[in-house]
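Asker: Take a look at this one; I'll ask things after.
The values are calculated or read from the model by the stated rules, or taken from the named source; none is laboratory data. Values in this document were obtained by computation on a predicted structure and should not be read as measured data. SASA here: full protein model, heavy atoms, side chains in, ligands and nucleic acids out. Shrake-Rupley method; radii C 1.70, N 1.55, O 1.52, S 1.80 Å.
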Amino acid sequence: MLKKEMIAMKVVGFVGSPRKNGNTDVLVQQVLDGAMEAGAQVEKFYINDMNLKGCQGCDYCRSIDGCKIRDDMSKAYDALKNADGFVFGSPIYFFQFTGQMRQFIDRCWALVNPDFTPRISVGKKVVIVGAHGAPEAGSFNGVYDEFSRTLGMFGMDVKGTFIDAGHHAPGGVKENAKLMGDAKAAGASLFK
């Protein structure tokens, strides 16, 4: 009898911060590292480095399964359709996600059918991470809760939200050993 080969799950991180190695990026990487140690294939996109144009509200995607704009979002669409899990990360800039992340989210409208059903398979696993300078981790829970509801529109299963609070210097999150460990553990158990 042949031994069935195990197919590795794929986890993709989307970093909405313009700061590489900043607190959001560090937390996204922690989750990806945990997923990789558990056997998943991982990939990370820095939204700030992508050539993305904002949604034009042209409604092309209402009649065609796709977006009229030909830019780097096509790579993100492929990842969103083909991966099994995701890590979405954005710091809070002026009481909301960064402009980069907002633009990315707006462009995901092309993944929604006219009847508001998703064009991607449901049940994908998600971890949300973020960072902000306010001292209380829950200061912007409304932003993350709203994003969780958006992901629910795609039938995604949010497994956890991890927020770094009170650090302004890039990489300051590394001082919070518990948060770093929890984020890594979330990646390791994403598909359990």
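Asker: Quick one: which residues, 5+ away or cross-chain, put their amide H under 5 Å from the amide H of K44? H built at 1.01 Å from N.
Answerer: Here the answer is G13, since their amide H atoms fall under 5 Å of that of K44.
Asker: Sticking with this one: For region 1-140, compute the number of Lys pairs whose alpha carbons are separated by less than 19 Å, excluding pairs fewer than 8 positions apart on the same chain.
Answerer: 16
Asker: P(r) tail for region 98-188, what percent of Cα pairs lie past 18 Å?
Answerer: For region 98-188, the fraction of Cα-Cα distances above 18 Å is 53 percent.
Asker: Here's another thing I want to ask about it. Probe radius 1.4 Å, ligands and nucleic acids ignored: give me the carbon and sulfur share of the accessible area of region 1-78 as a rounded percent.
Answerer: Accessible surface attributable to carbon and sulfur in region 1-78 totals 50 percent.
Asker: Per residue of region 110-126, what does 6.51 cos²θ - 1.76 cosθ + 1.60 with θ = phi - 60° give for ³J(HN,Hα)? Whole Hz please, x for Gly and Pro, Karplus curve as stated.
Answerer: For region 110-126, the Karplus-derived couplings read 5, 9, 10, 5, x, 8, 6, 8, x, 8, 10, 5, 7, x, 5, 8, 9 Hz, x marking Gly and Pro.
Asker: Can you tell me how much longer the chain between K68 and K44 gets when fully stretched, taken as 0.36 nm per residue apart minus their C-alpha distance, in nm with one decimal?
Answerer: 6.2 nm
Asker: For the chain, with every protein chain kept in place, what is the accessible area per residue (1.4 Å probe, Å²)?
Answerer: On the way: 9910 Å² over 192 residues.
Value for the chain: 52 Å² per residue.
Asker: Follow-up. What is the diffusion coefficient of the chain in µm²/s, taking the Kirkwood radius over Cα pairs and the Stokes-Einstein relation at 37 °C with a viscosity of 0.692 mPa s?
Answerer: Values: Rh = 17.0 Å.
Taking Rh from Cα pairs, D becomes 193 µm²/s.
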